[in-house]
Every structure is written in C-alpha cells, then in structure tokens.
Amino acid sequence: MKAKRSVAKLSPSQRRQWLALLQKHAKNQIAGLSNSKNYYRIVIDTNVLLSAILYGGKPKKVLQHILAHQELVLSDYIVDEFVNYLKTIKIPQKFIRQARQKLEEYCRDYDMSVDEKIRDINDTEILRLAITHNALIITGDKDILEYKAKSKVSVLTVSEYIELFIPND
C-alpha cells in the first residue's frame, strides 16, 4: 500500500458522515435494492478506499457512486490493510473501530483456490475476490492495471469509472 502519509485529520463531522453513509448503503446492499441496468459488483482496492475517505476528490466521488448505485465488495484483507494504515496516521481509535465494523458489512469470502499469477503477490487477494464474485476492480495499482489485458475481470482506474458510470462529470 502506497497511500500518502501527509493526511489532513478527518474532522468529527466528516467521520460521522462516512460512517452514516457506509451504514445506510450496507443495509440497502443486504436487502438487494437495485433495479439498475448498470448494476455491478465492484471491488475497490485499499488505496482507492483510503484516498476516498481521507483525501476526497475523484476517489470519494467514485466510492459514493458505488455505494449508491452498485454493490461494493470488500474482503477482510482489504479492511485489515485499511485499518492498519489508519493506525499509522493517528486517526482516533473509536473511528477506526467503527469504520472496521461498517466496512466488514461489505466483506465477502472468496475462493482461495483461484490461481492468478501477478507480480505483486498481495494483489492476488484482490483478483481472487473479484473473480469469485464476478466483480469489476477499481484501482490505481500499476501491477493490477498492467495485468488487466490478460485478466478474467474488468479493471478500471478511478477516472475510467467516472467516465463510464457517472454522467455529466
């Protein structure tokens, strides 16, 4: 994980907003509420998740769109990596615990026997998750982006997702 280390501290209201958004959409996802023709399962890697929550910008727009219109698929591996990074930048423990709890609602098991070869062994987890759930991957990771030509799943950057799924941007 190569996220930025210089982080503006999340304000208490920003933390509350993210937790509320994650909780609201987890309930909708569990209930299976989507009649959209463009409804996809989507795996976002840890760096996109961190960028969305800590820095905003395009990753935030993408995460908000996914929560509202798609099915977010995460794994324990992604959530653990997210939480471990938050601990290194002195985010309040209460927020970390609550964020973990909310994000775990999006976690899915995946087939560990899926044999995908990629340079960075840590990226294998994300590929297995996406293949198991027939999900798109949103990432900025160079190894996964280079792998997409021979991948069994679709891989998009944040900008590509916006171009394809978010009208009038």
Worksheet, complete the sentence: Answer in debye to the nearest 20: the dipole magnitude of segment 85-169 about its Cα centre, from +1 Lys/Arg and -1 Asp/Glu charges placed on Cβ, is 460
Worksheet item: Can you give the calculated 222 nm mean residue ellipticity of the chain, where each DSSP H run of n ≥ 4 adds -39,500 (n - 2.57) and the sum is split over every residue, rounded to the nearest 500 deg cm²/dmol?
Response: -15500 deg cm²/dmol
Fill in: Over 22 Å between alpha carbons, listed pairs 24/61; 117/142; 102/152; 117/152
102/152
Response to the item:
Protection proxy (average C-beta count within 10 Å per residue), highest first, orders 107-120, 59-72, 82-95, 153-166 as 59-72, 153-166, 82-95, 107-120
Fill in: Charge dipole magnitude, Cβ of K and R +1, D and E -1 - the chain, Cα centre, debye nearest 20
880
Worksheet entry | Cα→Cβ-extended label distance, 7 Å offset, between residue 101 and residue 88, nm | 2.7
Practice prompt. Would you mind checking which residues have amide H under 5 Å from residue 72's amide H? H placed 1.01 Å from N; only 5 or more apart, or other chain.
Written response: 42
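Every number here is computed from the coordinates shown, using simple stated rules; none is lab data. If you're wondering where the values come from, they're calculated on a predicted model, not measured in any experiment. Positions of Cβ are generated from backbone atoms using ideal geometry, with glycine treated the same way; all protein chains shown enter the neighbour counts.
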